[in-house]
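Only the coordinates and a few stated rules stand behind these numbers; no lab work does. Remember, predicted model here, so these are calculated numbers, not experimental data. Cβ placement follows ideal geometry from the backbone for every residue including glycine, while neighbour counts extend to all protein chains displayed.
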Amino acid sequence: MSSLQIPETCGAMLLPDCVVFPHGGLPLRVFEPRYRAMLDESLASHCFFAVARLVGEETEDPTHCTPEIGTIGLVRASREMEDGTSNLLLHGVIRVRFREWLAGCDYPTARIEPIPSVFEPESQAAAAVEALREAAEVALAPFADEVRDAFRSMCDPIDDPAILCDVMSQQFIQDPDERQTMLELESVAARVAWICKRFSQ
């Protein structure tokens, strides 16, 4: 993450009720001409574009149909098909605030501000991770053994509460409103508390 240069402006895909978290993967099929152009330009430069949740009908000014907070992602793999569409995997990198939507662009384009996620106080990080692991066990209870084992293996090396929160949110929270709520919580401690409460019920 520290080595990635987040662009000041980027294209954004507006997707109905779609919320992707940092450290989460989002498979996409890109078929609209405007987004095909966005992908081409992204791949020719920094390989980034953002995802914003589309609420209701799309309007000319995305300010009126998208929340202020979304996620910028890095294209990890992209394959163009014979018909010109593309299948790709977008890897969520960091929350962003859409500061300004730029007019006159061929696709939704925004000036963005990255939102770092830092857990405070650092002295309680280990306890927060342990609480999240306990909540994960509750969330994993309905799944098969191989699914539980795979998730544990993926999360065992994670010792950052912010990352673990996002991984759990990506995997376990399905409701779009709840996902957006979690995405917009800037306090990592508040995210930890939300998840622990959510999966202790």
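Which semi-axes, in whole Å and largest first, does the equivalent ellipsoid of the chain have when worked out from the alpha carbon gyration tensor as the square roots of 5 times its eigenvalues?
Taking √(5λ) for each Cα gyration eigenvalue gives 31, 19, 16 Å.
Run lengths n ≥ 4 of DSSP H only: what is the helix-derived mean residue ellipticity at 222 nm for the chain, with -39500 (n - 2.57) per run over all residues, to the nearest 500?
-10500 deg cm²/dmol
Tilt of helix 125-140 relative to the longest C-alpha principal axis of the chain, in degrees (0 to 90, nearest 10)?
80
Alpha carbon centre of the range 24-67 versus the range 112-161: separation in Å?
Between the Cα centre of the range 24-67 and that of the range 112-161, the gap is 28 Å.
What is the helix-to-structure angle for 188-198, meaning the angle in degrees between its Cα long axis and the longest Cα principal axis of the chain, kept from 0 to 90 and rounded to the nearest 10?
On a 0 to 90 degree scale, this one is about 70.
Where is the GNM fluctuation largest for the chain (alpha-carbon springs, 10 angstrom cutoff): GLY56, GLY25, GLY11?
Per the Cα network of the chain with a 10 Å cutoff, GLY56 tops the list.
Non-local amide H neighbours of ALA50 (under 5 Å, H modeled in plane, Pro and chain starts lacking H): which ones?
Amide H neighbours of ALA50: GLY11, ALA12, MET13, GLY73.
How far, in degrees from 0 to 90, does helix 161-172 lean away from the longest principal axis of the Cα atoms of the chain, to the nearest 10?
70
With no solvent and one equal point scatterer placed on each C-alpha of the range 1-115, evaluate the Debye formula and give log10 I(q)/I(0) for q = 0.17, 0.19, 0.22 Å⁻¹, two decimals.
-0.77, -0.98, -1.34
How large is log10 I(q)/I(0) at q = 0.12 Å⁻¹ when the Debye formula is applied to the Cα atoms of the range 140-201, each weighted equally and without solvent?
For the range 140-201, the Cα-only Debye profile gives -0.30.
Under 10 Å, Cα contacts only: if you run a Gaussian network model on the chain, which one of PRO27, PRO161, PRO142 comes out with the highest mean-square fluctuation?
Residue with maximal mean-square fluctuation among PRO27, PRO161, PRO142: PRO142.
Counting other Cβ atoms within 10 Å of each Cβ, which GluC sites (Glu not before Pro) in the range 1-90 have at most 15 and sit in a DSSP loop?
GLU8, GLU57, GLU58, GLU60, GLU68, GLU82
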